[in-house]
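The values are calculated or read from the model by the stated rules, or taken from the named source; none is laboratory data. Please read these numbers as outputs of a predicted model, since none were measured by experiment. Cβ: placed from backbone, ideal geometry, glycine included. Neighbour counts: every protein chain shown. Remember, those area values only see protein heavy atoms, side chains included, never the ligands or the DNA or RNA. Shrake-Rupley method; radii C 1.70, N 1.55, O 1.52, S 1.80 Å.
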There are 2 protein chains.
Amino acid sequence: MTDLTRLSLAAMADGLDAGSFSAVELLEAHLTVIGRANPALNAVWDLDADGARAAAVESDRRRAAGEARGSLDGIPIGLKDNIDVAGRPTTNGLGLAWTAEADAEIVARLRAEGAIPVAKLGMHEAALGATSDNPHHGRVEHPTAPGRTPGGSSGGSAVAVAAGMLPLTLGTDTLGSVRLPAAYCGVVGYKPSFDAIATDGVMPLCWTLDHVGPLARTVADIAFAAPALTGFEPEERPLQGLRLGWVAEADTVAIEPGVHGVIDATLARLRRAGVTIEAVDLGLGSLSALRRAALLIVEAEGAVALETIWADHPEALSDTLKGMLSYGRDAPSSRYVKAFRRVETAGAAVNAALESFDALLLPTVGHTAFPFDAAVPDDQADLTGLANMGGAPAITLPCGADGEGLPVGLQLIGGFYEDARLLGMALAVEKLLR
Amino acid sequence: MTDLTRLSLAAMADGLDAGSFSAVELLEAHLTVIGRANPALNAVWDLDADGARAAAVESDRRRAAGEARGSLDGIPIGLKDNIDVAGRPTTNGLGLAWTAEADAEIVARLRAEGAIPVAKLGMHEAALGATSDNPHHGRVEHPTAPGRTPGGSSGGSAVAVAAGMLPLTLGTDTLGSVRLPAAYCGVVGYKPSFDAIATDGVMPLCWTLDHVGPLARTVADIAFAAPALTGFEPEERPLQGLRLGWVAEADTVAIEPGVHGVIDATLARLRRAGVTIEAVDLGLGSLSALRRAALLIVEAEGAVALETIWADHPEALSDTLKGMLSYGRDAPSSRYVKAFRRVETAGAAVNAALESFDALLLPTVGHTAFPFDAAVPDDQADLTGLANMGGAPAITLPCGADGEGLPVGLQLIGGFYEDARLLGMALAVEKLLR
């Protein structure tokens, strides 16, 4: 029998519609993978097998009655553990848990489409960091390279997809937390335009930069889910004639030779397919300095977002997290204001450049998944943060592997609320690269 | 002969078109008033009589050639002294002056419409305060009540209009700095929707809350100039059937009996004209606490905006100003973030209420022009700041006088970028009250 967990979302939906398998069978296939793979990976932190089974029975009943809800009816999904699912624990990666009284707005929306919340997924503590090496809940492990980070902060959301535990997950992305683990794990991560997915019921870290976004195995899967998630209908378009801007500032970030080679080869393939790629200098200078400004905003707003939990449960925050939040909290307002202005100006430059190009192009991250015991590169989010600053939609898709077989991600940034066009371009790029 | 300075803007434009008088004559009439009245009022800080005369000659030549530029061709205007006029000094109310290299964007726009910049107008130091009692340039005096404040920070812009020195001026409004002096001086002040008038070339105080807005004697004059200033064409509409929300939180602010009486009488007249007025609680609690949050944002951003000038010319800032800026600069970022969240939430509440009402209604300020030597009321901007928080358009128009004959202002707040509708309603209110 077909491994149902390896089907595309479209094939899952078609199979359900055709009666080739039931939502219960589809769910059980995924629960089996979770049961087998999760002990080593620690991607799933809370499993609602009973609730999901009951929902799958309901989904099958609806479909049999000709009342299927939407394109995702019967599709099992997972949620990063900072996204509320009614009746289930939320930890936000901290050393405590509370039971969510209601679904986050996006969870309610997906449920209304028939999707089945199955699991809460591991993450970096408070979403402030990108290794998913969690001091309270243990490490979320890389799906194919044990002992290496899957990236973060939405590590569990990427691992669950890569390992076939769930075909569609949600993460959050403040400076890259959906795209980084997607790139490290060789899956697709999409950060929609700012507020295109509501953050209500999602634990805030930084109101200025927080986004919610999905992860899946392919751009095709993301595109299949996009209308339900965001209302955007991907507009497919040929590569021939596309004009992409290569962000010149990417050269200020350390790019490992293995990543460089894969990206260069990818650019060459795109050019051969008729894509024009021109370097564009956004006038931003060092991306590291810019990321430091953005990080101050995250730390200052994070200190406010976590203030009550910190006061009531000081043991639930690691000293590392407390140190970062203290730094932001205590920095003089003038520093925050300058950082905000710098980030706002950078975001405006990103969006201005997108008036001249169909999309911007850059690596997702300059390195591949590194060992947990290695030093964490400072520049992890240098290339992903740009899209958050502009509120622009961005997507990472795998474009090859380095010398050690570790996945490399290519990042596309689209115009603000031009998500439909960005997804269409990403579909075309994926077709070329597969 | 008619006193040309007392004509409406429409009558000035008609007279110029009909050849009843020339732009040169119109200008000279205003220069005469400035020459006579300004020594006592100190509203004009820099007079460009030569430049204005040359521009008036050009305007007359254009009109004679059938090439009049726009509705404001030949109309003399004045600019608050934080708005750049090419070749003229800008002080921003500080103890120094620099020559502007280029027109601010709105000045260039008005010049392209044929308007004639005549004067730079007095203001509160750095636009941070509302008395126009300036430590470097002296007091701008109230036009009809010597020894009293004309309000601020755009004091000169209000006084110039009230005294007939200029029929149309621009001010800036961060928490009420256009509307407060307009109310104190008995003229009309209009703060358009956020960014509806570009702030390029205007000295910033607070990027989050700064607005540029015009002052004139009547709503009709403001409405006449609005298309040239903002592109909004006022949509006139009958009072009958309008539904206005009386902001319940206004009751948390001290309203002098004389102001209360005038406002109550005005509400009664509006009701008799068929307007429905319902109290609406925006859930904001104390407006004073809210204004303090907004003031922290202004002080923190102001410290950054003025940082270079302060460093290079410390003597150009009063100790009072330095104290306010230091307070904002040094406050921990977490305080700024909390203040920002509070202000943003309040702005959202204002805009949400405007989905249920044609406009919100409240006094512009709870008192009338007070003596320079009296204590400055803390709550000056409690009622005006709301519109800045929501970026919503707001207008103040005179609705009577208190027992001492001092003007009282009525404030209307419209929906975000619904300026055309707000101006139309204000026109109807003005017609009723005159």
Query - Single unsatisfied condition, B:Ala311 versus (1) under 24 Å from A:Lys338 (Cα atoms); (2) of a type in the set (A, V, I, L, M); (3) away from every other protein chain (no Cβ under 14 Å) - result: (3)
Query - So A:Gly424, is it farther than 22 Å from A:Ala162 by Cβ and at pLDDT 95 or above - result: yes
**Report entry** Checking B:Thr368 against (1) closer than 28 Å to B:Asp221 by Cα; (2) among the hydroxyl-bearing types (Ser, Thr, Tyr); (3) open to solvent by 10 Å² or more (accessible area, probe 1.4 Å), the condition it does not meet
**Finding:** (3)
**Report entry** Search result, residues across segment B:258-300 that are open to solvent by 10 Å² or more (accessible area, probe 1.4 Å), of a type in the set (Ser, Thr, Tyr) and touching a strand residue (DSSP E or B) at 6+ places or on another chain (Cβ under 6 Å)
**Finding:** B:Thr276
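Yes/no matrix, rows are residues, columns are (1) out of contact with any Phe, Trp or Tyr (no Cβ under 8 Å at 6 or more places or on another chain); (2) without any contact (Cβ under 8 Å) to a residue 60 or more places away in the chain; (3) open to solvent by 60 Å² or more (accessible area, probe 1.4 Å); (4) not in a helix (DSSP H, G or I):
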| site | (1), (2), (3), (4) |
| --- | --- |
| A:Ala10 | no, no, no, no |
| A:Asp14 | yes, yes, yes, no |
| A:Phe21 | yes, yes, no, yes |
| A:Leu26 | yes, yes, no, no |
| A:Ile34 | yes, no, no, no |
| A:Trp45 | yes, no, no, yes |
| A:Asp50 | yes, yes, yes, no |
| A:Arg53 | yes, yes, yes, no |
| A:Ser59 | yes, yes, no, no |
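Are any residues in segment A:319-366 more than 14 Å from every other protein chain (Cβ to nearest Cβ), touching a strand residue (DSSP E or B) at 6+ places or on another chain (Cβ under 9 Å) and part of a loop (DSSP other than H, G, I, E, B), and if so, which ones?
Here is the first cut: in segment A:319-366, the residues more than 14 Å from every other protein chain (Cβ to nearest Cβ) are A:319-321, A:323, A:346, A:349-366.
From what is left, the residues that are touching a strand residue (DSSP E or B) at 6+ places or on another chain (Cβ under 9 Å) are A:350, A:353-354, A:356-365.
Across segment A:319-366, the qualifying residues are A:Leu354, A:Ser356, A:Phe357, A:Asp358, A:Thr364, A:Val365.
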Requested in this report: Could you tell me whether any residue of segment A:243-265 is in contact (Cβ under 8 Å) with a residue 12 or more places away in the chain, within 14 Å of chain B (Cβ to nearest Cβ) and of a type in the set (A, V, I, L, M, F, W, C)?
Outcome: no
Query raised in the report: Which condition number does B:Thr91 fail, the rest of (1) crowded, with 17+ Cβ neighbours inside 10 Å; (2) under 29 Å from B:Asp14 (Cα atoms); (3) β-branched (Val, Ile, Thr) being met?
Result: (2)
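Would segment A:66-82 turn up any residue that is outside any loop (DSSP other than H, G, I, E, B) and open to solvent by 50 Å² or more (accessible area, probe 1.4 Å)?
If we filter segment A:66-82 for residues that are outside any loop (DSSP other than H, G, I, E, B), which is where we start, we get A:76-80.
Cutting the leftovers down to open to solvent by 50 Å² or more (accessible area, probe 1.4 Å) gives us none.
No, the conditions are met nowhere in segment A:66-82.
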Query raised in the report: Given the residues B:Pro181, B:Pro204, B:Pro150, which is the only one that is open to solvent by 10 Å² or more (accessible area, probe 1.4 Å), not in a strand (DSSP E or B) and not polar (S, T, N, Q)?
Result: B:Pro204
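Identify, from the list B:Asp373, B:Asp402, B:Asp379, B:Asp419, the residue that is within 24 Å of B:Pro227 (Cα to Cα) and charged (D, E, K, R).
Values: B:Asp373 fails: within 24 Å of B:Pro227 (Cα to Cα); B:Asp402 fails: within 24 Å of B:Pro227 (Cα to Cα); B:Asp379 fails: within 24 Å of B:Pro227 (Cα to Cα).
Step by step, each of B:Asp373, B:Asp402, B:Asp379, B:Asp419 is checked, and only B:Asp419 is within 24 Å of B:Pro227 (Cα to Cα) and charged (D, E, K, R).
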Query - segment B:86-113 residues that are at positive phi, paired with ones that are surrounded by 18 or more Cβ atoms within 10 Å (Cβ to Cβ) and assigned to a strand (DSSP E or B) (beta carbon under 7 Å, 6 or more apart) - result: B:Gly93/B:Asn134
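Look through B:Val202, B:Val140 and report the one residue that is among the aliphatic types (A, V, I, L, M) and touching a Pro at 6+ places or on another chain (Cβ under 6 Å).
Working: B:Val202 fails: touching a Pro at 6+ places or on another chain (Cβ under 6 Å).
Just one listed residue meets the conditions, B:Val140.
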**Report entry** Residue satisfying all of: in segment B:330-347; touching a residue at least 12 places away in the same chain (Cβ under 8 Å) and farther than 21 Å from B:Thr384 by Cβ; surrounded by the most Cβ atoms within 10 Å (Cβ to Cβ) among these
**Finding:** B:Tyr336
**Report entry** Residue count, segment B:379-414 (criterion: out of contact with any Gly (no Cβ under 7 Å at 6 or more places or on another chain), open to solvent by 10 Å² or more (accessible area, probe 1.4 Å) and more than 17 Å from B:His260 (Cα to Cα))
**Finding:** 0
Requested in this report: State yes or no: is A:Tyr327 over 25 Å from the mean Cα position of the chain (by Cα) and open to solvent by less than 10 Å² (accessible area, probe 1.4 Å)?
Outcome: no
Report task. Determine, yes or no, whether B:Thr144 is over 21 Å from B:Ala316 (Cα atoms), surrounded by fewer than 24 Cβ atoms within 10 Å (Cβ to Cβ) and among the polar types (S, T, N, Q). Result -> yes
Requested in this report: Would you confirm whether any residue within segment A:338-354 is under 24 Å from the mean Cα position of the chain (by Cα) and charged (D, E, K, R)?
Outcome: yes
**Report entry** Search result, residues across segment A:275-329 that are of a type outside the set (A, V, I, L, M, F, W, C), under 26 Å from B:Arg329 (Cβ atoms) and touching a residue at least 60 places away in the same chain (Cβ under 8 Å)
**Finding:** A:Ser288, A:Arg291, A:Glu299, A:Glu301, A:Gly302
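Going by what's in this entry, would B:Val376 be described as touching a residue at least 60 places away in the same chain (Cβ under 8 Å) and surrounded by fewer than 15 Cβ atoms within 10 Å (Cβ to Cβ)?
Working: touching a residue at least 60 places away in the same chain (Cβ under 8 Å): yes; surrounded by fewer than 15 Cβ atoms within 10 Å (Cβ to Cβ): yes.
Answer is yes for this residue.
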Query raised in the report: Do you know which residues across segment B:95-129 are out of contact with any strand residue (DSSP E or B) (no Cβ under 9 Å at 6 or more places or on another chain), assigned to a loop (DSSP other than H, G, I, E, B) and open to solvent by less than 10 Å² (accessible area, probe 1.4 Å)?
Result: B:Gly114
